[in-house]
Structure formats: C-alpha cells, structure tokens
Amino acid sequence: MNNHKAGSHQELQLGLGIMGMSELYGPSDDGESLATLNAAFDGGVRLVETGDAYGMGHGELLLRDALRGRDRASVVIALRFGALREPGGGWTGSDSRPVALKNSLAFSLRRLGTDHIDLYRPGRPDADVPLDETVGALGELVQAGYIRGIGLTDVSASTLRKAHAVHPVANVQLEYSLFSRGAENDVIPTARELGIPVTAYSPLSRGLLAGHWSRERQQGLAPEDFRNGLPRFQDPRLAHNLALADALAETARRYGLTTAQLAIAWVAAQGQDITPLVGARTRVQLADVLSGAALRVDEAAIAEAEKAVPRGSAAGERYMKPLLDLLDSEH
C-alpha cells in the first residue's frame, strides 16, 4: 500500500459520521449535535454521513437543520439506506429492491430538504435482491439527478467488481483503523484498481483508540449503547486492547499529538484516496480531530503508531457473530 501514501505534509481531509447523534452510542443532545455539525462545517468538513434508519430519520432531520442557511453545494451528503425498523426500535432486516430504495429516497429528500443526495449507498448488501437490480436502479437515479453517485458499504472485492461493472461506483465505505485492517487484503487494492475512493469509518475503533477509554467508562455505558455487546469491549479482550491503546497514546505524546489525532493520521496516511470518517458527537471531540487535521504528522510517527499497534494485534472481532455473518466483506 505504500505507493499510495499521502506523505507527511498533506493536510488531512475528514468526514463526519453522525450515526451516534441519533442512537447506538447512548443518549445525545440535539442542541450539542447541531452545534457540532455547524462547527464541523465552519471548520472545513465537507463530507457528512448518516442513514435513514438512524433514529428513524432523526439523523436526516438534524442534518437538515444544520444545513439551513448554508450553500448546499458546500456539503457532500452521504446516506445509507435499506435497513428496516419497527415502531419499538428493533432492526428487522434490509430491503434493497428498486421499488423500496426509490421510496426510501423520496422520503429522505423530503426530510433533508434537498433535491439530491451526493452519495447514496445500501447500508448492507441485501442477499434477497440481485446486486444488478439494486445497482441498476441506483444508476437510474443518477441519470435522473436525484443522486450524484453510488456508494457501497462493507462489500467484498468480488461484489465491488460486479457492482462497478453494472454502473460506476463512486465510493466504497469500509471499517478501517489500526485495529481493523482486513480491508487491506482485497477490497482496498480492488478499489484502487478500479479508481474508487474509500471512506474509512470507525478510524478510532468505536472509541477504543480515542485516548480516553477505560474499564470504568466501559462499565458506565448506557444500556442501549451497542458497544456493550461488541467483542473487543469484553474482558479479557478489553484489557488487551486497552494496553495497545496505551502504547499508541505513549507514541502520540512523544510527537505532541493526542491518541485520536495519531490514530486518524495513520488511516489518512495509508493513501490520498482514503478519507477518515470520524464519529465526533460533541464540539470537544470534534475540536481534537480538527486540530489534528491541520497538523503535519511526521512519517516517523505514522511508522511508530504501526509498531505500537501491529496489524492483527487487536483482540476480538469488530462485531458480534450474528452481525458479522451478514457482512459481505467478511465472506
């Protein structure tokens, strides 16, 4: 991957993922969420991503409010679709049929208060719908101007190739961090071969590499926080992973960086075609990563980060097995 390294003097480009402003990471405050979104836009963040299922439209409505009075062309909206919910909040599957995705888009455009989505992507591949049907329908929406580009999430290299053969794929979103490097095997090389940029979500491994995780914080998670069930957050794996995070923190301190800044810089340094998608929920969290984006991170710091957290060193899978089994990228 080194032939795509960004170098030590390139300013980082970051995206903001706002799923956690709606649910899955415990309680959030709409006022703080809006302030964080506005601070992100004012700080130069252009890419923002949510999903129509997050809070059953809540994320879209937050984004609509944050966009009021702003130039729509200054923001790239990436949106996941396809997840099915029930009134009590449960997740009941996915639906990527052409008729369903067009219906979902119609409602999303209304909630967002916009006439187009820049990147529209299935949240997960739908095993019950042929890929060419989904991508073909998305291609029709590109032609109609309702979406500007087709995105995919957590797909295998073969699925990415098949989709791209039906209609050019504009972006592929993958979990990618010092703790999660499986995408390096096939998917990122395939994306590069096809000229498809990558959005790297969870570059801080859902907070483990943010520099402030601890067993006490783990014990204080809200019951609805889905990290309660993630394998990497369970002992004895948690203790092992916290030790790795401490080693990264020590490296970051030597270079005058926070742990989060170094972890995100490592992701960005893997290639100019990779954009880290940070999940900051507050202005304090955002300020940490934005200040890091303006820094010139030494290549030696990137190399030492990888020594502190070698590939494959994290303990535990990134998801619980039932969810992992649903991911095309894992097969």
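General observations
- Estimated [θ] at 222 nm from DSSP helical runs (n ≥ 4, -39500 (n - 2.57)) normalised by residues in the chain, nearest 500: -11500 deg cm²/dmol
- Dipole axis of the chain (+1 Lys, Arg; -1 Asp, Glu on Cβ), positive-most option in Val166, Leu286, Leu244: Leu286
- Helix 58-67 vs. the chain, principal-axis angle (Cα, 0 to 90°, nearest 10): 90
- Considering only Phe41, Ala78, Leu24, and ranking their Cα positions along the charge dipole of the stretch 23-117 that arises from unit charges at the beta-carbon of Lys, Arg, Asp and Glu, the one farthest toward the positive end is Ala78.
- Remark: the stretch 137-273 carries 37 Å² of accessible area per residue (probe radius 1.4 Å; ligands, DNA and RNA excluded).
- Helix 157-166 vs. the chain, principal-axis angle (Cα, 0 to 90°, nearest 10): 30
- Cα-centre dipole for the stretch 192-331 with unit charges at Cβ (Lys and Arg positive, Asp and Glu negative), debye to 20: 300
- The stretch 230-319 - percent of accessible surface contributed by carbon and sulfur, probe 1.4 Å: 52
- Spin-label proximity, Asn228 to the stretch 73-108 - amide N less than 20 Å from point 7 Å beyond Cα toward beta carbon: 86-92
- Most mobile of Ala245, Ala260, Ala73 in a GNM of the chain (Cα contacts under 10 Å): Ala73
- Packing, as the average of other Cβ atoms within 10 Å across residues, places the peptides 27-34, 181-188, 82-89 in the order 181-188, 27-34, 82-89, highest first.
- Each Lys and Arg adds +1 at its Cβ and each Asp and Glu adds -1 at its Cβ; summed about the Cα centre, the chain shows a dipole of about 300 debye.
- Between Leu112, Leu230, Leu262, the Gaussian network model of the chain with springs among Cα atoms under 10 angstrom shows the greatest mean-square fluctuation at Leu230.
- Helix 131-144 and the longest principal axis of the Cα set of the chain meet at an angle near 80°.
- Cβ-placed point charges (K, R +1; D, E -1), dipole of the stretch 179-261 about Cα centre in debye, nearest 20: 160
- Distance in nm between pseudo-label sites at Ser214 and Ala243 (7 Å out along the Cβ direction from Cα): 2.0
- Difference of contour (0.36 nm per residue) and Cα-Cα distance, Asp65 to Asp273: 71.9 nm
- The stretch 95-111 versus the stretch 215-262: alpha-carbon centroid distance in Å: 37
- Contour excess over end-to-end distance, with Cα ends at Asp42 and Glu193 and 0.36 nm allotted per residue: 50.9 nm
- If the segment from Glu86 to Ala106 were pulled out straight at 0.36 nm per residue, it would be longer than the present Cα-Cα gap by 5.3 nm.
- Computed E for Asp29/Ala127 - FRET, C-beta separation, R0 30 angstrom, nearest 0.05: 0.20
The values are calculated or read from the model by the stated rules, or taken from the named source; none is laboratory data. Quantities reported herein were computed from a predicted structural model and do not represent experimental measurements. All Cβ positions, glycine included, derive from the backbone under ideal geometry; neighbour counts span all protein chains shown. With ligands, DNA and RNA removed, areas are computed over all heavy atoms of the protein, side chains included. Shrake-Rupley method; radii C 1.70, N 1.55, O 1.52, S 1.80 Å.
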